[in-house]
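Student: Got a structure here, written out as structure tokens. Questions coming.
The values are calculated or read from the model by the stated rules, or taken from the named source; none is laboratory data. All values reported here derive from a predicted model rather than from experimental measurement. Positions of Cβ are backbone-derived with ideal geometry, glycine not excepted, and every protein chain shown enters the neighbour counts. Just so you know, the surface numbers come from the protein's heavy atoms only, side chains and all, with ligands and any DNA or RNA stripped out. Shrake-Rupley method; radii C 1.70, N 1.55, O 1.52, S 1.80 Å.
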Amino acid sequence: MATNDSVNILNSAYLAVEYIDSFLPDNPLQQPFKNAWNYMLDNYTKFQIATWGSLIVHEVAYFLICVPGFIFQFIPYMQKYKIQQDKPETWEKQWKCFKTLLFNHFCIQLPLICGTYYFTEYFNIPYGWEEMPRWYVLVAQCFGCAVIEDAWHYFLHRLLHHKRIYKYIHKVHHEFVSPFGMQAEYAHPLETLILGAGFFIGIVVFCNHVVLLWAWVICRLMETIDVHSGYDVPLNPLHLVPFYAGARFHDFHHMNFIGNYASTFTWWDRLFGTDSQFIAYQEKEKKKQGITKKKAN
């Protein structure tokens with residue numbers, strides 16, 4: 001009975017979104033995107049699309065999303081939004097991070113990406129334009145992937161902080177007490193595999209078109225680079241996502257090393273009380289700001 005109710009609710013939600021979508025103006029980018037997609041299908045094999053296409057999407061998205069945070073360090077006005085203002089970025093750290101990223105991307109992640117084609121073939125995942133899901137289905141699937149990845153990340157990340165394991169693997173990622181965007185995937189190769197596995201679980205559950213692979217890559221990179229940016233910028237559209245943790249939440253994890261283990265949402269840390277030190281820190285900071293305002297007045 002409960003299953004039927006859930007299906008009815010989902011069907012109703014789907015029909016409601018379709019009804020709303022029918023009133024929205026046509027997307028001017030849809031036709032150019034369709035032309036580009038069909039050109040890709042006509043000129044490249046599925047293996048090339050799944051392998052080299054996925055690599056290009058990952059590399060371009062990663063470093064483009066890193067650009068704003070990288071530029072912020074040169075803009076004095078943006079420094080008021082930097083969370084740990086006493087720990088500025090340095091060229092030495094950024095160069096070290098960049099070299100490790102290239103190794104992880106091409107020696108660890110690329111071999112995994114090479115399996116994408118075989119995954120799509122085994123599960124008969126379509127590539128065609130006509131089979132591509134609507135935008136709201138894609139958004140829902142990416143949110144579902146994020147929920148699954150967040151659960152995986154919380155428990156495995158917390159395990160990597162165990163005193164018998166931490167110094168061998170996760171300590172590499174914590175070399176930077178004050179994170180910056182490019183550092184999001186700076187990690188020990190084993191951590192790349194362990195925590196990265198959570199990314200693929202959602203794909204196995206939801207994937208009904210190869211475009212979800214790329215959409216979820218971009219969504220995940222936007223989230224992880226944002227929370228590692230070191231800047232809590234107002235009007236951040238990601239803050240519209242329900243229960244989104246954000247940069248200040250994860251920045252505290254790098255500063256404190258204990259607590260705030262989830263990657264995207266706040267519910268696991270709240271449920272298990274691993275955000276207690278963060279909440280206490282926030283209360284302390286609010287009191288400091290209140291005292292400062294009183295003195296200023």
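Student: Among the residues of segment 150-183, count how many are in contact with a Lys or Arg (Cβ under 7 Å, 6 or more places away or on another chain) and under 25 Å from Trp267 (Cα atoms).
Tutor: The number of residues fulfilling the criteria is 2.
Student: Out of curiosity, is Thr192 touching a His at 6+ places or on another chain (Cβ under 8 Å) and of a type in the set (Val, Ile, Thr)?
Tutor: no
Student: Do the conditions hold for Pro126, that is, is it assigned to a loop (DSSP other than H, G, I, E, B), over 30 Å from Asp86 (Cβ atoms), in contact (Cβ under 8 Å) with a residue 24 or more places away in the chain and out of contact with any Lys or Arg (no Cβ under 8 Å at 6 or more places or on another chain)? If you could, list the steps in order and put the result at the bottom.
Tutor: Numbers: assigned to a loop (DSSP other than H, G, I, E, B): yes; over 30 Å from Asp86 (Cβ atoms): yes; in contact (Cβ under 8 Å) with a residue 24 or more places away in the chain: yes; out of contact with any Lys or Arg (no Cβ under 8 Å at 6 or more places or on another chain): yes.
In short, yes.
Student: Restrict the check to segment 268-283 and report whether at least one residue is open to solvent by less than 20 Å² (accessible area, probe 1.4 Å), on the phi > 0 side of the Ramachandran plot and modelled with pLDDT of 95 or more.
Tutor: Within segment 268-283, none of the residues are open to solvent by less than 20 Å² (accessible area, probe 1.4 Å), on the phi > 0 side of the Ramachandran plot and modelled with pLDDT of 95 or more.
Student: Could you grab me the full set of residues in segment 62-86 that are basic (Lys, Arg) and open to solvent by 50 Å² or more (accessible area, probe 1.4 Å)?
Tutor: Scanning segment 62-86 gives a single hit, Lys80.
Student: Tally time: how many residues in segment 92-118 are surrounded by fewer than 12 Cβ atoms within 10 Å (Cβ to Cβ) and of a type in the set (Lys, Arg)?
Tutor: Matching residues across segment 92-118 total 1.
Student: Among Tyr136, Tyr117, Tyr77, which is the only one that is of a type in the set (Ser, Thr, Tyr), at pLDDT below 95 and more than 20 Å from the chain's Cα centre (by Cα)?
Tutor: Tyr77 is the lone residue from the list that is of a type in the set (Ser, Thr, Tyr), at pLDDT below 95 and more than 20 Å from the chain's Cα centre (by Cα).
Student: May I ask you to list pairs of residues, at least six apart or on different chains, whose Cβ atoms are under 8 Å apart, with the first in segment 81-105 being at negative phi and the second being part of a helix (DSSP H, G or I) and among the polar types (S, T, N, Q)?
Tutor: Listed by first residue and then by second, the contacts come to Gln85/Gln79; Cys97/Gln183; Asn104/Thr192.
Student: For segment 193-202, which positions are over 14 Å from the mean Cα position of the chain (by Cα) and surrounded by 19 or more Cβ atoms within 10 Å (Cβ to Cβ)?
Tutor: Within segment 193-202, just Ile194 meets the criteria.
Student: Which residue, of Ser229, Ser178, is outside any helix (DSSP H, G or I), of a type outside the set (A, V, I, L, M, F, W, C) and buried (at least 21 other Cβ atoms within 10 Å of the Cβ)?
Tutor: Only one candidate passes the filter, namely Ser229.
Student: Mind listing whichever residues of segment 161-172 are open to solvent by 10 Å² or more (accessible area, probe 1.4 Å) and either part of a helix (DSSP H, G or I) or in contact with a His (Cβ under 7 Å, 6 or more places away or on another chain) (or both)?
Tutor: Initially, segment 161-172 is screened for residues open to solvent by 10 Å² or more (accessible area, probe 1.4 Å), giving 161-169, 171-172.
Listed by number, the residues that qualify are His161, Tyr166, Lys167, Tyr168, Ile169, Lys171, Val172.
Student: Pairs only if they're at least six apart or on different chains, beta carbon under 9 angstrom, first in segment 195-210 and in a loop (DSSP other than H, G, I, E, B), second open to solvent by 70 Å² or more (accessible area, probe 1.4 Å); list them, first residue then second.
Tutor: Correct list of pairs: Cys207/Phe123; Asn208/Glu131; His209/Glu131.
Student: When segment 66-94 is examined, which residues are found to be in a helix (DSSP H, G or I) and under 13 Å from Gly181 (Cα atoms)?
Tutor: Scanning segment 66-94 gives Cys66, Val67, Pro68, Gly69, Phe70, Ile71, Phe72, Lys93, Gln94.
Student: Right, something else. Considering only residues of segment 215-225 that are touching a residue at least 60 places away in the same chain (Cβ under 8 Å) and open to solvent by less than 30 Å² (accessible area, probe 1.4 Å), which is farthest from the chain's Cα centre (by Cα)?
Tutor: Among them, the one singled out is Ala215.
Student: Checking the conditions here, which among Glu89, Glu149, Glu121, Glu131 is of a type in the set (Asp, Glu) and open to solvent by 80 Å² or more (accessible area, probe 1.4 Å)?
Tutor: Result: Glu131 is the single residue among Glu89, Glu149, Glu121, Glu131 that is of a type in the set (Asp, Glu) and open to solvent by 80 Å² or more (accessible area, probe 1.4 Å).
Student: Suppose the filter is at pLDDT 95 or above, surrounded by fewer than 22 Cβ atoms within 10 Å (Cβ to Cβ) and farther than 24 Å from Tyr136 by Cβ; does Ile258 pass it?
Tutor: no
Student: Of everything in segment 237-247, what is in contact with a Phe, Trp or Tyr (Cβ under 9 Å, 6 or more places away or on another chain), surrounded by fewer than 21 Cβ atoms within 10 Å (Cβ to Cβ) and within 18 Å of Cys66 (Cα to Cα)? Give them in sequence order.
Tutor: Leu238
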